[in-house]
Amino acid sequence: MIHHPFARRVALLAAGLLVAGSVQAQQPSGKPKAAKPARTASKAVAPKPVIEIKAVDLLKAMSERLAAARSMAFTAVVTYEAPSRLGPALAYTTTSEVLMQRPDKLRVITIGDGPASEFYYDGKAMTAYSPAENFVAVAAAPPTIDATLKAAFESAAIYFPFADVVLADPYRNIAEGLTNAFYIGQSKVVGGTVTDMLAYVNDAVFVQIWIGADDKLPRMLRAVYRDDPLRLRHQMELANWKLDPAVAADAFATSKTTTAVSVAFAHPDAKAAAALQAPAKPKPAKSTQSQ
């Protein structure tokens with residue numbers, strides 16, 4: 001059951017539209033009545049920002065639970081939409097196995113769909129490996145997971161949708177520019193457990209999130225980025241949670257890269273963009289005839 005007043009208003013509005021449509025369909029045909037003068041449309045009023053304490057408390061509790069773990073492992077299944085030539089969006093899905101150890105260790109193994117990839121960070125270097133092509137890129141890395149995630153994105157466009165989960169302070173990133181946060185209700189379907197549903201909006205994104213009622217771990221998120229004119233939806237399911245597991249010393253490196261072809265740790269489109277640049281126009285040859 002959804003308890004938030006907004007959900008009830010939506011349900012009532014839907015019921016009202018359904019009844020109105022049914023009545024109109026049952027009206028007998030005949031001479032049409034004179035149309036009444038159209039009323040001047042009133043200007044839409046933007047909803048006032050709402051930040052509920054219960055929603056904020058749940059977000060903080062989730063953040064504290066994640067930040068307290070010295071190591072963690074989980075599976076992230078991400079479904080994101082992309083435009084199609086036919087109009088409706090197409091959906092793509094990736095699955096990643098994530099292992100991290102604070103403050104400076106991270107491993108992400110993405111096994112599908114799409115090209116498989118592996119990312120390793122051992123506190124000194126970050127390594128991106130592409131198994132299909134047997135390509136490896138290595139670069140020096142900052143001393144923390146937070147800084148390394150930022151560096152990987154800025155230098156090579158490497159982005160993980162679950163980045164907020166492994167940050168030192170997840171709530172700080174959520175709260176930046178926060179304009180709305182409200183509690184929706186509980187679910188017994190998502191994640192195979194009871195979860196609290198809430199939504200929040202900041203300057204960048206609108207998110208609905210399901211948080212475990214007992215363990216305070218995020219189980220699913222649905223997001224729409226505010227600057228996306230197509231309003232494409234992104235969904236992430238988080239499962240197989242393990243907090244503070246024992247981690248092997250060599251878990252954040254791989255021997256596969258020893259025989260791989262080394263490439264630059266750079267944006268994947270940089271080389272393609274350079275190749276697409278139009279060649280310089282040749283300068284006109286100077287005349288050898290005397291004037």
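The values are calculated or read from the model by the stated rules, or taken from the named source; none is laboratory data. Fair warning: this is a prediction, and the values are worked out from it, not measured in the lab. Please note: Cβ atoms are built from the backbone with ideal geometry, for glycine as well, and neighbour counts cover all protein chains shown.
Which condition breaks for Gly87 when tested against (1) part of a strand (DSSP E or B); (2) closer than 30 Å to Pro229 by Cβ? For Gly87, the failing item is (1).
Among the residues of region 27-50, are any out of contact with any Asp or Glu (no Cβ under 8 Å at 6 or more places or on another chain) and either modelled with pLDDT of 85 or more or surrounded by 10 or more Cβ atoms within 10 Å (Cβ to Cβ) (or both)? Within region 27-50, one or more residues are out of contact with any Asp or Glu (no Cβ under 8 Å at 6 or more places or on another chain) and either modelled with pLDDT of 85 or more or surrounded by 10 or more Cβ atoms within 10 Å (Cβ to Cβ) (or both). Checked against the criterion of being more than 30 Å from Ala249 (Cβ to Cβ) and either surrounded by fewer than 16 Cβ atoms within 10 Å (Cβ to Cβ) or touching a residue at least 60 places away in the same chain (Cβ under 8 Å) (or both), region 137-160 has at least one qualifying residue. Name every residue in region 235-254 that is within 20 Å of Tyr129 (Cα to Cα) and surrounded by 13 or more Cβ atoms within 10 Å (Cβ to Cβ), in order of residue number. Ala251, Phe252, Ala253, Thr254, listed by residue number. Any residue at all in region 104-116 that's farther than 19 Å from Thr75 by Cβ and modelled with pLDDT of 95 or more? Scanning region 104-116 turns up at least one residue that is farther than 19 Å from Thr75 by Cβ and modelled with pLDDT of 95 or more. Residue pairs whose Cβ atoms lie under 7 Å apart, separated by 6 or more positions or on different chains, with the first residue in region 205-231 and closer than 16 Å to Val189 by Cα and the second among the aromatic types (Phe, Trp, Tyr) and modelled with pLDDT of 95 or more, are Leu217/Trp241; Arg219/Trp210; Met220/Trp210. For region 153-262, the strands (runs of 3 or more DSSP E) that sit wholly inside it and include 3 or more residues that are under 20 Å from Ala76 (Cα atoms) are 195-201, 205-212, 218-225, 233-243. Quick check on region 108-122: of everything there that is part of a loop (DSSP other than H, G, I, E, B) and either in contact (Cβ under 8 Å) with a residue 24 or more places away in the chain or among the charged types (D, E, K, R) (or both), which residue is farthest from Ala260 (Cα to Cα)? The extreme case among them is Asp113. Per the listing Thr127, Thr95, Thr79, the residue uniquely part of a strand (DSSP E or B), at pLDDT 95 or above and closer than 21 Å to Leu243 by Cβ is Thr95.
Output the number of residues of region 192-209 satisfying the condition of being under 18 Å from the mean Cα position of the chain (by Cα) and either among the small types (Gly, Ala, Ser) or over 14 Å from Leu58 (Cβ atoms) (or both). Total meeting the criteria: 7. Looking for something at pLDDT below 95, under 25 Å from Leu243 (Cβ atoms) and buried (at least 18 other Cβ atoms within 10 Å of the Cβ) - is there at least one such residue anywhere in region 176-188? Scanning region 176-188 turns up no residue that is at pLDDT below 95, under 25 Å from Leu243 (Cβ atoms) and buried (at least 18 other Cβ atoms within 10 Å of the Cβ). Of the residues making up region 130-144, those that are in contact with a strand residue (DSSP E or B) (Cβ under 8 Å, 6 or more places away or on another chain) and part of a loop (DSSP other than H, G, I, E, B) are Pro131, Glu133, Asn134, Ala141.
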